[in-house]
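To keep things clear, I will list the structure first and then write my remarks on it.
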Amino acid sequence: MLELVDTKTDWIADEIAALKEAGLFNTIRTIDSPMGAWVTIDGRPRLNFCANNYLGLANHPRLREAAKRAIDTYGVGPGAVRTIAGTMSLHVELEKRLAAFKRAEACISLQSGFMANLATIPALVGKGDVIFSDELNHASIIDACRLSRAQTVRYRHNDVADLQRAIAETTEYKRRLIVTDGVFSMDGDIAPLDEICQVAEAHGIMLMVDDAHGEGVLGEGGRGIVDHFGLHGRVDIEVGTLSKAFGVVGGLVAGKQTIIDWLRQRARPFLFSSAMTVPDTAACIEAVNILADSTELVDRLWHNAGIFRKGMQEMGFNTGFSQTPIVPVMLGEAPLAQKFSRRLFEEGVFAMAIGYPTVPQGKARIRVMNSAAHSEEDIQLGLEVFGKVGRELGVI
Ligand SMILES: Cc1ncc(COP(=O)(O)O)c(C=O)c1O
């Protein structure tokens with residue numbers, strides 16, 4: 001019998017071997033506990049500096065109870081896409097609560113932050129239009145720009161003068177959109193949204209911010225970047241996620257009622273993919289309730305992040321341009337970052353190395369995510385271990 005040799009996919013094994021060689025192969029840890037300040041990995045508790053669980057809501061008793069109650073009332077799944085199977089009152093309630101919390105006219109929920117970007121950008125611009133996009137914008141914005149088929153013009157990171165140059169040089173267009181991350185997820189710096197907003201207004205260009213890492217973090221009680229800069233009603237679209245500070249999974253778009261109405265008609269992930277699940281939706285409503293009740297968790301998050309960043313800087317680590325609870329520990333080459341992360345792990349600290357393509361070549365780092373769930377002892381322990389490994393590897 002003829003033996004068939006399948007060589008079509010051999011290249012994938014070669015690519016994987018090359019990734020391993022370059023120190024860029026992702027090894028995914030398995031967690032056997034709820035998300036919290038500490039997680040159990042390989043049977044041992046590890047201090048967790050990886051999760052975007054900024055406020056410790058991922059395992060909060062009020063969210064757990066809300067999810068359980070909702071399951072008893074509504075079951076687990078939404079049935080189909082909302083335009084076909086009808087929308088559950090839970091989704092409507094979440095959207096109303098989010099709009100009120102964010103002081104926006106209206107809000108629509110999506111399945112994730114990634115989906116929210118894919119939903120929004122192609123619904124606003126298309127062929128013949130132009131998008132001005134910060135060069136460090138998140139992958140989901142980059143993919144959404146590509147999907148839209150609009151021309152994408154990148155401007156230098158957080159550089160308003162370069163944005164103005166790009167606008168001046170781009171004269172052929174039907175509609176225009178400026179899009180930026182609010183907080184940059186790998187560097188922890190904040191977009192100068194007030195200045196970008198002035199530029200957008202001066203030129204009559206639509207403005208969208210992806211506030212995934214500002215939601216529940218920036219602004220009064222975590223109301224986000226628009227609240228942080230006091231730009232209510234002036235930024236056309238705020239995209240956000242419910243998967244980070246809100247502790248669950250989901251996405252949102254907040255803005256003027258007409259824009260949200262339009263997304264309900266034209267956003268493809270809304271029209272062609274099922275809604276958030278029942279327990280997720282109910283848990284997110286409870287997260288909004290907690291945030292609306294008190295600023296305590298947000299205050300603790302910033303307190304912890306301040307102690308950690310200062311401690312790292314005092315030891316001589318390079319923490320880049322971090323202004324938020326995201327603290328990158330800049331190491332340069334990917335193999336060093338991987339080795340650093342491995343040594344931290346052996347010492348009981350879980351903090352992942354991030355390399356290309358998530359960050360540019362030669363800019364590998366450990367990204368530390370601070371959380372309100374950490375106690376001050378946790379932060380001190382983290383600093384001690386970073387110091388020990390940093391000295392051992394000659395980084396400080
Ligand atoms: C700026 C930004 N936008 C969108 C997302 C995607 O959010 P989600 O995990 O809810 O899909 C992320 C998550 O990493 C992000 O950092």
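The values are calculated or read from the model by the stated rules, or taken from the named source; none is laboratory data. Quick caveat: nothing in here was measured; it's all calculated off a predicted structure. Methodologically, a virtual Cβ is constructed for each residue, glycine included, from the backbone with ideal geometry; neighbour enumeration extends over all protein chains shown. For the accessible areas, the whole protein counts, side chains as well, though only heavy atoms, and no ligand, DNA or RNA atoms are used. Shrake-Rupley method; radii C 1.70, N 1.55, O 1.52, S 1.80 Å.
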request  = Looking only at segment 37-73, count how many residues are outside any loop (DSSP other than H, G, I, E, B) and either in contact with a Phe, Trp or Tyr (Cβ under 7 Å, 6 or more places away or on another chain) or on the phi > 0 side of the Ramachandran plot (or both).
outcome  = 7
message = Among the residues in segment 301-310, are any in the same structural domain as Ala67 (by TED's automatic domain parsing), of a type outside the set (A, V, I, L, M, F, W, C) and either open to solvent by less than 10 Å² (accessible area, probe 1.4 Å) or over 21 Å from the mean Cα position of the chain (by Cα) (or both)?
response = no
note = Checked segment 343-379 for anything exposed (fewer than 14 other Cβ atoms within 10 Å of the Cβ) and over 26 Å from the mean Cα position of the chain (by Cα); matches are Glu346, Glu377
query = Do the conditions hold for Phe340, that is, is it among the aromatic types (Phe, Trp, Tyr), within 19 Å of the chain's Cα centre (by Cα) and farther than 21 Å from Glu220 by Cα?
reply = no
ask   = Only one of these conditions is not met by Arg391: (1) touching a helix residue (DSSP H, G or I) at 6+ places or on another chain (Cβ under 9 Å); (2) open to solvent by less than 60 Å² (accessible area, probe 1.4 Å); (3) in a helix (DSSP H, G or I). Which number is it?
value = (2)
key: Criterion (in contact with a Pro (Cβ under 9 Å, 6 or more places away or on another chain), in the same structural domain as Leu263 (by TED's automatic domain parsing), more than 11 Å from the ligand (Cβ to nearest atom) and not acidic (Asp, Glu)) met by exactly one of Arg149, Arg154   = Arg149
ask   = Is it true that some residue in segment 86-93 is more than 17 Å from Leu252 (Cβ to Cβ) and either surrounded by 11 or more Cβ atoms within 10 Å (Cβ to Cβ) or out of contact with any helix residue (DSSP H, G or I) (no Cβ under 6 Å at 6 or more places or on another chain) (or both)?
value = yes
key: Sole residue being in contact (Cβ under 8 Å) with a residue 60 or more places away in the chain and within 16 Å of the ligand (Cβ to nearest atom), chosen from Asp261, Asp189, Asp211, Asp181   = Asp189
message = Among the residues that make up segment 81-94, is at least one of them of a type in the set (Ser, Thr, Tyr), under 28 Å from Asp261 (Cβ atoms) and outside any loop (DSSP other than H, G, I, E, B)?
response = yes
request  = Could you grab the pairs with beta carbons closer than 7 Å, sequence gap of 6+ or different chains, first residue in segment 378-390 and farther than 15 Å from Lys339 by Cβ, second one outside any helix (DSSP H, G or I) and open to solvent by less than 60 Å² (accessible area, probe 1.4 Å)?
outcome  = Asp378/Ala37; Asp378/Leu47; Leu381/Leu47; Gly382/Leu47; Gly382/Phe49; Gly382/Val349
task = Residues being more than 12 Å from the ligand (Cβ to nearest atom) and within 12 Å of the chain's Cα centre (by Cα): count how many of those fall in segment 230-258.
result = 0
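Counting residues that are surrounded by fewer than 21 Cβ atoms within 10 Å (Cβ to Cβ), which helices (runs of 4 or more DSSP H) fully inside segment 95-197 reach at least 3?
Counting at least 3 such residues, we get 139-148, 160-169.
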request  = Go through (1) in contact with a Ser or Thr (Cβ under 6 Å, 6 or more places away or on another chain); (2) of a type in the set (Val, Ile, Thr); (3) without any contact (Cβ under 8 Å) to a residue 60 or more places away in the chain and name the single condition Ile167 misses.
outcome  = (1)
